[in-house]
1. Return the residues of the stretch 129-150 that are within 15 Å of the ligand (Cβ to nearest atom) and surrounded by fewer than 17 Cβ atoms within 10 Å (Cβ to Cβ); say none if nothing qualifies.
2. Hey, among Leu352, Leu293, Leu329, which residue is hydrophobic (A, V, I, L, M, F, W, C), buried (at least 17 other Cβ atoms within 10 Å of the Cβ), modelled with pLDDT of 95 or more and not in a helix (DSSP H, G or I)?
3. State which residue is farthest from the chain's Cα centre (by Cα) when the search covers only the stretch 98-110 and only residues that are away from the ligand (no atom under 16 Å from the Cβ) and hydrophobic (A, V, I, L, M, F, W, C).
4. Filter the stretch 174-213 down to residues that are of a type in the set (Ser, Thr, Tyr) and not in a strand (DSSP E or B), then give me how many there are.
5. Under the condition of being in a helix (DSSP H, G or I) and without any contact (Cβ under 8 Å) to a residue 40 or more places away in the chain, which residue from the stretch 6-44 is nearest to Ala213 (Cα to Cα)?
6. Looking at Asn319, Asn263, Asn267, which one is within 19 Å of the chain's Cα centre (by Cα), on the phi < 0 side of the Ramachandran plot and surrounded by fewer than 22 Cβ atoms within 10 Å (Cβ to Cβ)?
7. Within the stretch 34-46, work out how many residues are within 14 Å of the ligand (Cβ to nearest atom) and more than 18 Å from Asn319 (Cα to Cα).
8. Check the stretch 237-250 and report whether any residue there is over 22 Å from the mean Cα position of the chain (by Cα) and either part of a loop (DSSP other than H, G, I, E, B) or within 18 Å of Ala117 (Cα to Cα) (or both).
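The values are calculated or read from the model by the stated rules, or taken from the named source; none is laboratory data. These numbers come from a predicted model, not from an experiment. Note: ideal-geometry Cβ built from the backbone for every residue, glycine included; neighbour counts use all protein chains shown.
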Amino acid sequence: MLQTLQQLPPDPILGLSAACRADPNPHKVDLTIGIYMDEQGVCPVFEAVQIAQHAMIAEETTKAYLAAAGDERFNTGLQRLVLGAGSAALQEGRVSSIQTPGGCGALRIGAEIIHAAAPRAKVWVSDPTWPVHIPLLGSVGLEFHSYRYYDPGSRGVNFDGMVSDLKKAVAGDVVLLHGCCHNPCGADLTLSQWNVIAELAEQQGFTPFIDFAYQGLGDGLEEDAAGLRLLVSRLPEVIIAASCSKNLGLYRERVGATIFVCNDAANARAILSQAQSAARRVYSMPPAHGALLAGRVLTDDHLGGIWRTELTAMCQRINGLRSDLRTALEARCGGDYAFIEREKGMFSFLGLSPAQALRLREESAVYMLDSSRINVAGVNAGNIEYIAESVAKVL
Ligand code: LMR
């Protein structure tokens, strides 16, 4: 039986990251996978998380399963972080959430619920979108349509194209939106554009499904949530896939949640029961370690303060790297790289062809995705000139 299956090509992100790790070139630069790296090229553990971890280990008395919905403290803390402590939907009790294995688990549970509610639902995804969205949601049986989003010519959002495509989305359809720090292009909607999306959702009746994996890495925790909160304040239903991989640095711990903003409290409870049943048939119970850490950090004023300061520094450093990279590329390559400074979060497209991205890997050991998506958080003072010089060579 197993012999009928063929070897698959490597994953477009994980495969390149592994290829970089295996490259013996001492000058190699990994701009592939979206992890934050500091000036030393290390993905650090937040101090607030370390403090929480010491306390947790000292106090831990059991490794028994968590509840089916996960850790309550974590769920409450994350709902407040994402929706805002003063959220009307929270006060009205029309929000429920389930702790999931990372943001991917959150997307998957969201997809399971969408499929249970509307098996023929079409999911509208941005062109381009994170390559894993399609297999992750599609394996549940959902179908896709794409809406125009990134315009390589203007290096920004093709908002007219987006709106005209989303006018075809109808009640029973789902529109997948990137809450902030668009992956892969870094070009985000303005608040007035979010307003137009809210109006469209009201008129057309589609349900927004927001992938929210980078809160705090664009402009700040509150700023990055503004578009999402605007939709939640205006619409009866919003589904959110939140992740703590990036903003709490808990990548390998797999911590996230699917948050359901529902029409009323009874529906929020019903959806939670459905989400628990979906989790039970997919992976049974969520992992505990990371969620218990995140729950402590998110609900403790002292730890939360330390974490917010660290996250702010991380966000400011990414934005500083964006400016520095623009300067370095303009100096070495000529041309206009102002878009790198305008874009948000970890990712931007450099605008190279797949052949140029391949040459960069082969000739300079500078690794980026074939689409020329770079992880800006992989740039540092020690490699920035080398990156710019290597890009200039392939242009
Ligand atoms: C990325 O896009 O690089 C990250 O979200 C990590 C991943 O799982 O692909």
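1. Within the stretch 129-150, Pro131, Val132, Ile134, Pro135 qualify.
2. Leu352
3. Ile98
4. Residues meeting the conditions: 2.
5. For the stretch 6-44, the residue satisfying everything is Leu14.
6. Asn319
7. Looking only at that region, the number is 0.
8. The initial filter retains those residues of the stretch 237-250 that are over 22 Å from the mean Cα position of the chain (by Cα), namely none.
No, the stretch 237-250 contains no residue that is over 22 Å from the mean Cα position of the chain (by Cα) and either part of a loop (DSSP other than H, G, I, E, B) or within 18 Å of Ala117 (Cα to Cα) (or both).
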